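The values are calculated or read from the model by the stated rules, or taken from the named source; none is laboratory data. Bear in mind the structure is a predicted one, so any value in this text is a computation, not a measurement. When we count neighbours, we look across all protein chains shown, and the Cβ atoms used for this are built from the backbone with ideal geometry, even at glycine. Just the protein is used for accessible areas: all its heavy atoms, side chains included, with ligands, DNA and RNA removed. Shrake-Rupley method; radii C 1.70, N 1.55, O 1.52, S 1.80 Å.
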Amino acid sequence: MSDPRRYRVLHTTGYHYSAPVALSRQLLHLTPREFNWQRVLEHELSVGPLPNESSNSRDYFGNSITHIVLSSAHQSLSLAARSIVEVTARNSAALLAGSPPWEQSAALLRGVAGGANLEPARFLYDSPHIESSPELLRYAAPSFTPRRPLLDAVLDLNHRIHEDFEFDPIATVISTPLAEVLEQRRGVCQDFAHLMIGCLRTLGLSARYVSGYLLTMPPPGHARLIGADASHAWISVYSQNGGWIDFDPTNDRLVDDEHITLGWGRDFSDVTPTRGVILGGGEQELAVHVTVAGTEEPEFPEIAGAAQTQSQTQSQAQSQSQSQSQSQTIATPENSGQPTA
């Protein structure tokens with residue numbers, strides 16, 4: 001087995017409001033998750049202006065979350081999450097041929113609510129952004145032929161989505177229905193992950209949405225552009241003989257040691273990087289920058305606009321336009337996740 005790889009991640013988010021915000025409450029998923037294949041060696045979250053309240057906890061799915069409250073008037077909010085993570089190769093390819101027939105897996109999952117392992121049951125059913133449908137079943141059918149090994153079928157579905165759909169960062173927003181994505185055959189990583197999960201759940205299989213980052217390489221002869229990467233999304237399917245196995249339909253690959261996991265849930269709505277409610281603010285502008293690099297590379301400089309006011313060690317870019325009102329609920333979709341070369 002190869003040695004673990006270490007990465008440095010910088011994820012900055014900046015809001016600018018056209019009018020003062022009197023009160024802001026934010027829920028942040030910006031801390032990478034620890035699990036079998038990943039360790040968080042360092043993590044620091046900087047917030048500006050200084051929050052009046054701040055606390056850390058875990059959500060229903062076990063992801064690390066940070067709550068912040070700003071009760072003083074402000075016209076900007078900046079967040080900078082810096083992490084160093086260690087990722088171990090998974091060797092998932094060795095499990096592909098040995099997985100049971102997909103029908104057997106689906107049959108076993110139908111009785112999972114009465115068994116000892118309830119984790120797969122959380123990801124069997126429809127969720128806010130993913131609804132089962134006959135159209136999804138028809139799209140999945142060519143991959144899930146009778147008695148085909150589960151993971152072999154999932155790998156084929158992963159490949160077909162990559163081949164059949166075009167990456168287009170302006171084709172969709174986070175609220176675009178799956179039926180429209182399926183008809184247009186274009187979208188971004190969140191769309192492809194939602195589509196693949198919808199296909200799997202329609203077949204009675206357990207699949208979850210994974211949010212994170214992907215190491216991308218600059219073109220030959222070019223320096224890495226700080227902040228030019230994007231948050232990413234992929235899927236994880238449950239197999240009785242292998243546990244959770246991750247697939248990346250945007251890049252037609254099994255997830256290994258170049259993917260850094262932030263967290264997982266039923267769909268994007270469970271792991272939105274930033275979600276909150278503000279009082280006031282008028283119109284808003286959003287800027288998101290992500291940089292991922294190996295720790296052997298030079299440490300990246302501070303990005304203009306990154307938070308510098310408060311640092312608490314604890315341990316995606318597209319803005320949904322908000323109508324001007326006294327109270328707004330805001331989530332940053334970061335609906336990008338460009339494919340790698």
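Give the residue, chosen from Arg208, Arg122, that is in a strand (DSSP E or B) and either over 25 Å from Ala94 (Cβ atoms) or not acidic (Asp, Glu) (or both). Working first, answer last.
On the way: Arg122 fails: in a strand (DSSP E or B).
Unique residue meeting the criteria: Arg208.
Any residue in segment 273-281 that is in a loop (DSSP other than H, G, I, E, B), over 23 Å from Asp126 (Cβ atoms) and among the polar types (S, T, N, Q)? No - not one qualifying residue is present in segment 273-281.
Of the residues Arg148, Arg122, the single one that is more than 28 Å from Arg275 (Cβ to Cβ) and basic (Lys, Arg) is Arg148. Evaluating Pro220 against the criteria (1) open to solvent by 10 Å² or more (accessible area, probe 1.4 Å); (2) within 21 Å of the chain's Cα centre (by Cα); (3) of a type outside the set (Lys, Arg) leaves one unmet condition, (2). Taken over segment 71-129, the criterion of being of a type in the set (Ser, Thr, Tyr), surrounded by 17 or more Cβ atoms within 10 Å (Cβ to Cβ) and touching a Pro at 6+ places or on another chain (Cβ under 7 Å) is satisfied by Ser83, Ser99. Inspect segment 283-293 for any residue being open to solvent by 20 Å² or more (accessible area, probe 1.4 Å), of a type outside the set (S, T, N, Q), touching a helix residue (DSSP H, G or I) at 6+ places or on another chain (Cβ under 6 Å) and modelled with pLDDT of 95 or more and give the result as yes or no. No, that holds for no residue. When segment 136-154 is filtered for residues that are in contact with a helix residue (DSSP H, G or I) (Cβ under 8 Å, 6 or more places away or on another chain), assigned to a helix (DSSP H, G or I) and open to solvent by 10 Å² or more (accessible area, probe 1.4 Å), the ones remaining, listed by number, are Leu137, Tyr139.
Can you find a residue in segment 61-68 that is modelled with pLDDT of 95 or more, surrounded by 14 or more Cβ atoms within 10 Å (Cβ to Cβ) and either on the phi > 0 side of the Ramachandran plot or of a type in the set (D, E, K, R) (or both)? For segment 61-68, residues modelled with pLDDT of 95 or more, surrounded by 14 or more Cβ atoms within 10 Å (Cβ to Cβ) and either on the phi > 0 side of the Ramachandran plot or of a type in the set (D, E, K, R) (or both): absent. On the basis of being under 22 Å from the mean Cα position of the chain (by Cα) and open to solvent by 20 Å² or more (accessible area, probe 1.4 Å), does Glu166 make the cut? For Glu166, the condition - under 22 Å from the mean Cα position of the chain (by Cα) and open to solvent by 20 Å² or more (accessible area, probe 1.4 Å) - is met.
Please tell me if Pro49 is open to solvent by 10 Å² or more (accessible area, probe 1.4 Å) and under 21 Å from Thr216 (Cβ atoms). Judged against the criteria, Pro49 is not a match.
Name the single residue, out of those in segment 20-42 being of a type in the set (Val, Ile, Thr) and outside any loop (DSSP other than H, G, I, E, B), that is farthest from Thr261 (Cα to Cα). Outline the logic, then answer.
From segment 20-42, those of a type in the set (Val, Ile, Thr) are 21, 31, 40; that's our starting set.
Checking the rest, the ones that are also outside any loop (DSSP other than H, G, I, E, B) come to 21, 40.
Details: Val21: 32, Val40: 10 Å.
This residue is Val21.
Every test in (1) under 26 Å from Leu10 (Cβ atoms); (2) of a type in the set (Ser, Thr, Tyr); (3) modelled with pLDDT of 95 or more is passed by Tyr238 save one, and that test is (1).
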